[in-house]
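Notes follow the structure.
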């Protein structure tokens, strides 16, 4: 389907890696040239780059590299009548056109030829005449683009000393009387003016000389002044886009980047178009000449920022950075919310604990051993935390409910080993540091379910009534043990002696 085509390169203009040029067939069988570049890695989408009048695709090597670095596939092309594409007239230097229909047909043929090689979404980028034709395509029903960024689009033509109406009339009459192929205003001028001083295209000498090197290396890229036919096309195309109702039908987001010091196209027409476009935006580049993408870095970067803003919305970068964050995120979650959320579940469902006493015996041996010695040593701190959670204190009357539970607990009371454990547990409890005693005390306060405490207390006291003397004993011992922490932390004064009794 494709036939390889050449790409011109010079010491100042090197094509980016990963590209190849091809010939494709345009409207009427015209032989046209395009080139496709593919970025490394996963592509964000595709850019269809359309240059202005006289511009070969080689002029945009730098811009193509910018788009590749951003992760886009880039398709650049030569319009018919310029670059290495077929010219309309035997004299290759005449910039000629026969209306905008042939251009739009070529554009559709280009998209059809490369559609399978262009990952979505598509973003159109056009400069000057290329911007005008891109907007014409959108107004004519092209809906495959997710957005468009237009650099100094030709939405109005400056005619110098000749009034606009006069120039339009002259162009129309010249075409009508068979003079369409003649140079407009009689003077063809130089194929390419390589004089930097006084140019009206760019302030950047390096980029200007780079373009000159391309024309010098391949004179077939050169294009001279426009004909009356081209001027008539330009006036008719801009008049079509000047009608607000035409632009209001374009739903694609469009950013128009305007060169403030442009001497070739009409900036007022660009601003008006941005107002009429449903999703239009106007960006001014202060001090810039017509070729914004060939301007100095400071001016050129304004275009790139506008481009990044649009593509950030319609073609965001693949989400690669958040992946490690997503893997690490679950790690702190259980620490932050596990203790309070998981604690009530075993207390609400005591049935499985009764059904499997062997499983419940392991935590039961740890918790009672910590709660009985914690009653004399940590009443002040144990009371300090339940003070913030009054639910633990209010459940103290569960002692009355513990009586019926004790009956239920009488079944495991037959195991004498459980009753002897608390006596042996006092020694290691005294050896433990206060910090170690705080944690089980806090857990006992966080899980003050009456069912669990009563069920565990019953087998160790062996009788429900025996719990009272032990509670009294703990009350007597409370002042002695509380005296030590009271000297360090005055919070012990707030802990009444009656509160530890229900915990025991």
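Bear in mind these aren't lab numbers, they're just calculated from the coordinates by the rules spelled out. Nothing here was measured: the structure is a model prediction, and the numbers come from that model. Note that we place each Cβ from the backbone using ideal geometry, even for glycine, and neighbour counts take in every protein chain shown.
By DSSP, the beta bridges lying fully in segment 1-151 are antiparallel in about 45 percent of cases.
Among 72, 235, what is the fewest-to-most ranking by other Cβ atoms within 10 Å?
Values: 72 28, 235 20.
Result, fewest neighbours first: 235, 72.
Work out, step by step, the length gained on full extension between residue 197 and residue 158: first 0.36 nm times the residue separation, then minus their alpha carbon distance; give nm to one decimal. Write out the running numbers ahead of the final one.
Details: separation 39, 0.36 × 39 = 14.04 nm, distance 2.14 nm.
Separation in residues times 0.36 nm, less the Cα-Cα distance, equals 11.9 nm.
Which shape class applies to segment 82-166: rounded if a/c is under 1.5, otherwise prolate when a/b exceeds b/c and oblate if not, where a ≥ b ≥ c are the square roots of the Cα gyration tensor eigenvalues? Oblate. Run the paramagnetic zone check for residue 176: 7 angstrom along Cα to Cβ, then residues of segment 79-117 with backbone nitrogen under 18 Å. Residues 99 fall inside that zone.
Protection proxy ranking of 31-38, 64-71, 146-153, by the mean of other Cβ atoms within 10 Å over each peptide's residues and highest first, is 146-153, 31-38, 64-71.
Show me the ranking of peptides 17-29, 255-267, 202-214, 76-88 by mean Cβ neighbours inside 10 Å, starting with the highest. Walk me through the numbers before you get to the answer.
On the way: 17-29: 16.1, 255-267: 20.5, 202-214: 17.8, 76-88: 23.8.
Those peptides, ordered most packed to least, come out 76-88, 255-267, 202-214, 17-29.
What is the distance in Å between the Cα centroid of segment 277-296 and that of segment 1-69? After rounding, the separation between the Cα centres reads 23 Å. Subtracting the Cα-Cα distance of residue 276 and residue 143 from their residue separation scaled by 0.36 nm leaves 46.1 nm.
Residues of segment 139-154 with an amide N closer than 18 Å to a point placed 7 Å from the Cα of residue 108 along the Cα-to-Cβ direction: 139-145.
In what order do 294, 176 fall by count of nearby beta-carbon atoms within 10 Å, going from fewest to most?
Numbers: 294 26, 176 11.
Fewest-to-most Cβ neighbours within 10 Å comes out as 176, 294.
List residues of segment 124-154, by number, whose backbone nitrogen lies under 17 Å from a label position 7 Å along Cα→C-beta of residue 115. Counting backbone N atoms under 17 Å from the label point, the list is 124, 137-138, 140-146. With 0.36 nm allotted per residue and the present C-alpha distance subtracted, the residue 245-residue 216 stretch has 6.0 nm of extension available. Secondary structure note: in segment 3-314, about 35% of the DSSP beta bridges are antiparallel.
What is the diffusion coefficient of segment 3-314 in µm²/s, taking the Kirkwood radius over Cα pairs and the Stokes-Einstein relation at 4 °C with a viscosity of 1.567 mPa s? All intermediate terms of the calculation are to be shown ahead of the outcome.
Values: Rh = 19.4 Å.
It comes out at roughly 67 µm²/s.
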